[in-house]
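Every number in this text was worked out from the coordinates using simple rules, so none of it is lab data. The structure displayed is predicted, hence computed values, not measured ones. Cβ placement follows ideal geometry from the backbone for every residue including glycine, while neighbour counts extend to all protein chains displayed.
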Amino acid sequence: MKKVITYGTFDLLHWGHIELLKRAKSLGDYLIVGLSTDEFNSRKHKEAYHSFENRKKILEAIRYVDQVIPEINWEQKLKDVEENNIDIFVMGDDWEGEFDYLERSCEVIYLPRTVGISTTKIKTEVKDQ
Ligand code: C2G
């Protein structure tokens, strides 16, 4: 069984997230999502609209997602990859190169971001309405 992992905040879930999760799952048989906790988000200088619990509930309802684990810091990825026997680590290419150190333990793939949508765009446009 080929296992894939990806990480993110996944706030105000949109089709760019879905495209990422769909492509990540298509690379293997089992997809784990490391979901940023509210505390870690503040370290990423992000404030999610939905709480961790609610973002987790939403992700767990997506057909491409098999398991959701908390992302509590920047340093946990190598341990997550090894403990979960991950074959492929996937991120959108806005992170290109940032996680190449994981190549000693798994394949690292950066996928093109979906153009034209982002959580920030949604927030801005809804506010301006
Ligand atoms: N994404 C995408 N296309 C978009 C928006 C997002 O492909 N239009 C991808 C991002 O590249 C990322 C994933 O969807 O791979 C989740 O996006 P965010 O929730 O914004 O994730 P981020 O805050 O970048 O957190 O340790 C890694 C971080 O937790 C990543």
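Taking label points 7 Å from Cα along the Cα-to-Cβ direction, I69 and V126 give a separation of 3.0 nm.
One-quarter of the Cα convex hull surface for segment 65-124, in nm²? Walk me through the numbers on the way to the answer.
Details: hull surface 21.0 nm².
Computing the convex hull of the Cα atoms and averaging its projections yields 5.3 nm².
Taking Cα atoms, how many degrees apart are the long axis of helix 15-26 and the longest axis of the chain, rounded to 10 and kept between 0 and 90? Helix 15-26 sits at roughly 10 degrees to that axis.
Comparing Cα centroids, segment 1-35 and segment 94-129 end up 11 angstrom apart. Normalised by 2.2 N^0.38 Å, where N counts its residues, the alpha-carbon radius of gyration of segment 30-86 equals 1.15. Largest GNM mean-square fluctuation across D38, D93, D11, computed for the chain with C-alpha springs under 10 Å, falls on D93.
Amide H contacts under 5 Å for S36: G8, T9, E71, restricted to partners 5 or more places along the chain or on a different chain, H placed in the peptide plane at 1.01 Å from N. Excluding the site residues themselves, the longest part of the chain lacking any GluC sites (Glu not before Pro) in a DSSP loop with at most 15 other Cβ atoms within 10 Å is 1-46. Extent of the chain along its three principal axes (Cα atoms, max minus min coordinate, largest first): 47, 28, 27 Å. Here the Gaussian network model covers the chain, with springs between Cα atoms less than 10 Å apart; of V68, V81, V115, V115 fluctuates the most.
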